[in-house]
Amino acid sequence: MAEYNPKNFLILAVDDNSINRIMLEKILAKAGYQIKVLADSEEFLNMIGSVKPDLMLLDLMMPKIDGLELCRLIKAKANYKEVPIIFLTASDSKDNVIEAFRSGAVDYVTKPFNNEELLARIKTHIELKFTRDQLRKALVDLEKLATTDELTEIANRRHFLNLATREFNIAKRQKRSFSMIIFDIDHFKNINDNYGHPVGDIAIKLVAQKCQQSIRGEDLCARWGGEEFIVVVSDTLIDAAKRVANRIRREIASISLPIDDHNFKITVSVGIAQYQENDKSLDQIVSRADKALYRAKNNGRNQVVL
Ligand code: GH3
Ligand code: MG
Ligand code: MG
Ligand code: MG
């Protein structure tokens, strides 16, 4: 964590005793925090959603909704689950302490408290929360990095292989089928050679977008390599897959890339294959689709072949 600066954090305290509220407000403001104090649980519940505290201090004994009940209500809200809650209470009953932690609190401080100790505990819990948030974010970023192709932002080859292998296993176990579509941009070298690599990159991105737009949510389109793409069409036999493949091919053929004084057209050749009961591995289907793609190229390109 960079320099710890209390002014970046909002602490929300709920206490039915006005003297306690004034005291807390004074201590925390003096320490540099943003602080908001509320007199009862209902007041907080009414404003939930409009305020996002970094930490909460709860009194335990309060009329109507007591601190324990309020803590449980807060922890049940998706947006508030991660907010650290510290109990600040005159009760030192062990049952209350245990119940407070069970309700989701991270700490329990008894009144009268030592100011420095309370501030130290607050800082510890805010730092822990911050580190947790950072870690969670880093994990999400890492997963995206591991599964996404950088240029096109669709799935990469590794992610495709993981999901397609799962599809293969389901098909085998449940005696179902699925199909595979592989396509490759026609005469792509011409685009690179005539207009430069950056224009080639734009073409690859547009093709990926069109492919993604042409399939259902449960199907997966990935960048297989250079200017080659691959699609797994769930629970689908070859005839239906052929319609999907032609839809992708037509969508890509509709791309109009304005370069210099004319519009550049992109076409793809497509090979498709269907899972067969006696297939031993995913490779066998990929290999059949790849051979079909090769035939599509030899037949004159811009077509679907099975
Ligand atoms: P064909 O119709 O037979 O497929 O002809 P082609 O010119 O498309 O031939 P090929 O598939 O062999 O050429 C692929 C070219 O794509 C070669 C490579 O330099 C280029 N390429 C691969 N990855 C990228 C990329 O990320 N960006 C750009 N701009 N070009 C790439
Ligand atoms: Mg009270
Ligand atoms: Mg090509
Ligand atoms: Mg190629």
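The values are calculated or read from the model by the stated rules, or taken from the named source; none is laboratory data. Note that the structure is predicted; figures quoted are calculated from it, not measured. Because the Cβ atoms are built from the backbone with ideal geometry, glycine has one as well, and the counts that use them run over all protein chains shown.
A few comments on the model shown:
- Per-region count, region 104-133, residues assigned to a helix (DSSP H, G or I), in contact with a strand residue (DSSP E or B) (Cβ under 7 Å, 6 or more places away or on another chain) and of a type in the set (Gly, Ala, Ser): 0
- Those residues of region 192-224 which are under 25 Å from the mean Cα position of the chain (by Cα), more than 8 Å from ligand 1 (Cβ to nearest atom) and hydrophobic (A, V, I, L, M, F, W, C), in sequence order: 206, 207, 208, 211, 215, 220, 221, 222, 224
- Residue list for region 175-222, restricted to those being of a type outside the set (S, T, N, Q), in contact with a Cys (Cβ under 6 Å, 6 or more places away or on another chain) and assigned to a helix (DSSP H, G or I): 211
- The residue pairs whose first member lies in region 101-127 and is in contact (Cβ under 8 Å) with a residue 60 or more places away in the chain and surrounded by fewer than 16 Cβ atoms within 10 Å (Cβ to Cβ), whose second member is assigned to a helix (DSSP H, G or I) and not aromatic (Phe, Trp, Tyr), and whose beta carbons are closer than 6 Å, counting only pairs six or more residues apart or on different chains, are 115/27.
- Scope region 245-255; condition more than 16 Å from ligand 3 (Cβ to nearest atom), in contact with a Ser or Thr (Cβ under 7 Å, 6 or more places away or on another chain) and either touching a residue at least 40 places away in the same chain (Cβ under 8 Å) or of a type in the set (Ser, Thr, Tyr) (or both); matching residues: 251
- For region 211-236, the set of residues classified as in contact (Cβ under 8 Å) with a residue 40 or more places away in the chain and away from ligand 3 (no atom under 16 Å from the Cβ) consists of 212, 220, 221, 222, 231, 232, 233, 234, 235, 236, listed by residue number.
- Taking first residues from region 173-195 that are without any contact (Cβ under 8 Å) to a residue 40 or more places away in the chain and closer than 17 Å to residue 289 by Cβ and partners that are more than 10 Å from ligand 3 (Cβ to nearest atom) and of a type in the set (Val, Ile, Thr), no Cβ contact under 7 Å between residues at least 6 apart in sequence or on separate chains turns up.
- In the condition set (1) within 17 Å of residue 90 (Cβ to Cβ); (2) surrounded by 19 or more Cβ atoms within 10 Å (Cβ to Cβ), residue 18 is compliant with all but (2).
- Of all residues in region 66-88 being assigned to a loop (DSSP other than H, G, I, E, B) and hydrophobic (A, V, I, L, M, F, W, C), the one that is surrounded by the most Cβ atoms within 10 Å (Cβ to Cβ): 83
Every residue, every condition in (1) touching a Leu at 6+ places or on another chain (Cβ under 8 Å); (2) closer than 27 Å to residue 26 by Cα, yes or no:
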residue: 72; (1), (2): no, no
residue: 87; (1), (2): yes, yes
residue: 99; (1), (2): yes, no
residue: 112; (1), (2): no, yes
residue: 118; (1), (2): yes, yes
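- Residues that are assigned to a helix (DSSP H, G or I) and within 21 Å of residue 209 (Cα to Cα) within region 144-174 comprise 144, 145, 146, 147, 157, 158, 159, 160, 161, 163, 164, listed in sequence order.
- Test: residue in region 126-143 that is farther than 26 Å from residue 81 by Cα, out of contact with any Phe, Trp or Tyr (no Cβ under 6 Å at 6 or more places or on another chain) and either more than 16 Å from ligand 1 (Cβ to nearest atom) or of a type in the set (D, E, K, R) (or both): no
- Selected residue [surrounded by 17 or more Cβ atoms within 10 Å (Cβ to Cβ) and out of contact with any Gly (no Cβ under 8 Å at 6 or more places or on another chain)] from 171, 146, 138: 171
- The residue that is farthest from residue 271 (Cα to Cα), counting only those in region 223-235 that are within 15 Å of ligand 4 (Cβ to nearest atom) and assigned to a loop (DSSP other than H, G, I, E, B), is 226.
- Hey, residue 189 within 11 Å of ligand 1 (Cβ to nearest atom) and modelled with pLDDT of 95 or more or not: yes
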